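Heads up, the thing below is written out as structure tokens.
Every read-out reported here was derived from the displayed coordinates using simple, explicitly stated rules and does not represent laboratory data. All values derive from a computational prediction rather than experimental measurement. We place every Cβ from the backbone using ideal geometry, glycine too, and count neighbours over all the protein chains shown.
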Amino acid sequence: MNLECAKTLLKNVFDGYSGEKNDLVLAMNELLVKSQHPTPIDPIDPIDPIDPIDPDFSFIKDKTTKRGERILEHPAKTNRSHHDIRFCHPNNSRARISNATFKELKDTLNQWEPDNIPEKGISVKIPLTDKNIKEILERSLIMDKDNMQDMEVIIAFKKSPSQNTKSCYKVAFFDKKTQLFLLRTGMNKKGAIKCGYDITNELDSYDPEWFVDQSTLLAHRVFWSGLKKIINSI
């Protein structure tokens, strides 16, 4: 099958699919990763698209507090080359906003209108097995600041700029003590340095080979769409 035939086939699939188009994008990303990498880049349980049928979110008590307006900016003004979507302040996308209340997040996600701007890189959802949750916590929480016992992983993706580079984690945690969502990026130190990333002022995670990016969260559509689906189910 040549490229034109494949594009026609994909168009027919997208036109005929009655669910959310981003679900198809996620499925295609997973197939791409599996076809080019028989074994994962990092040690992690195999990708499993099945989520728990009835996840328990009873630990989210505060659903009404709202401290300010937020937006999902695309393309992010400060990161146009990667075409990611940034959760940020509507008038200052450089302000470091790394947490949100339930209502702030829900209002922002429901006001967001996804576009069709192409994205670079690959994002693959991580199944929340016990082993994977442990790795996510260790790699994406700030050592000596974030208490792992207070955290619940709501959704997590592995994002890679390309098939030949180390992955980073895009994660939404929920802090049961503060009743805030934490939006975090955990990055592999060697991979970040190889890509020209300055890690001098970044924060150590519980995994000595990883660190936590202090900037506001940048992530693909599939991350935000997945988080929106979860938030609206609570």
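Brief remarks on what is shown
- Other residues whose C-beta falls under 15 angstrom from the C-beta of L182 contribute a net charge of +1, scoring Lys and Arg +1 and Asp and Glu -1.
- When you filter the GluC sites (Glu not before Pro) in the range 148-230 for DSSP loop state and at most 14 other Cβ atoms inside 10 Å of their Cβ, you are left with E209.
- Segments 131-137, 215-221 sorted - mean Cβ within 10 Å per residue, highest first: 215-221, 131-137
- Over 28 Å between alpha carbons, listed pairs K77/K158; K120/K145; K106/K176; K11/K194: K120/K145; K11/K194
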